Amino acid sequence: MDARFLGIPELAEAPSVAVVVDVMRAFTVAAWAFAQGAEKIVLAGSLDEALALKARHPDWVTLKDGPPAPGFDTVNSPGLLRSLDLGGRTVVQKTTAGTVGALAVKDAPLVLCAAFVVAEATARLLRARASDSVTFVVTGEDGRADEDLACAQYIAGRTTEAATDAAGFLRRAAASRAAAELAQGVRQGVHPDDVALCLEADRFPFAMVATLEGSLMVLRPHPMPSPTAWAWRGASAVRRGSMRQWSFDTPTATTPSP
């Protein structure tokens, strides 16, 4: 597999396969939204677009980066989102980098959105598609965010070599500028558990595929069951209280402290 790692400004044309990576925190949040039962996520191009969608669909759940704001139901934090029951709901997400990166490659035939929590499932989908060329869009810091690059390289490694270990990539992400800013409270709309939740490798057994549905870029989960790695209890998930949870036959990779 020919893997390219590009920042959003470096995208000159739509690739054949794009994996858009935002670890801290857009696509970690998206994965948690699906784990909490969301049906789909609409990736908004602007705050105004997100608010307009909310006005047309009052039952949709809107979230954004930064502090709480009028018209938005919650913020882009996995620690905060995990307490919400999103069963059957549509989520509208607008973030600084992740949603921007996905919309930048919306014309690609295959667009996957990824973070460490869905890395193995993303790699398995890439292996199943037997893609010759994959462009990893490193969304943070114009392509320089080491947490996103580390995750992209981990997924690329797992795609071509299933034994690739997550530990070193997670250490890089834990030492990144984004992790420090979240841990130190530089960014707003943060839960104390956000960094740790972003550094859980392969927590969920689904990839996330974004496609154009009319004029909207819509993200949906794509289950990738594996008889040797994951077991979904019951038909696909077990609801405990307000949380939809998955169980694993094998433990996830150890998460280093940020």
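Of note:
- On segment 40-175, 51 percent of the accessible area sits on carbon and sulfur atoms, based on a 1.4 Å probe.
- Segment 163-206: projected area of the alpha-carbon convex hull, averaged over directions, in nm²: 3.8 nm²
- At least 18 Å along the helix axis (C-alpha) and Kyte average at least -0.5, DSSP helices within the chain: 146-160
- Considering helices alone, the calculated mean residue ellipticity of the chain at 222 nm is -8000 deg cm²/dmol, with DSSP H runs of length four and up weighted by -39500 (n - 2.57) and normalised per residue.
- Relative pair counts by distance (%), Cα atoms of segment 35-132, 5 Å bins: 3, 12, 20, 23, 21, 12, 7, 3, 1, 0
- Calculated on C-alpha atoms, the gyration radius of segment 120-165 divided by its Kirkwood radius gives an Rg/Rh of 0.99.
- The ratio of the alpha-carbon radius of gyration of the chain to the globular-protein estimate 2.2 N^0.38 Å is 0.92.
- Surface per residue (accessible, 1.4 Å probe) for segment 1-72, Å²: 38 Å²
- Compactness index (Cα Rg / 2.2 N^0.38 Å), segment 1-89: 1.23
The values are calculated or read from the model by the stated rules, or taken from the named source; none is laboratory data. Treat the numbers as computed from the prediction; the structure is a model and nothing was measured. Quick note on the areas: whole protein, heavy atoms, side chains included, nothing else; ligands and nucleic acids left out. Shrake-Rupley method; radii C 1.70, N 1.55, O 1.52, S 1.80 Å.
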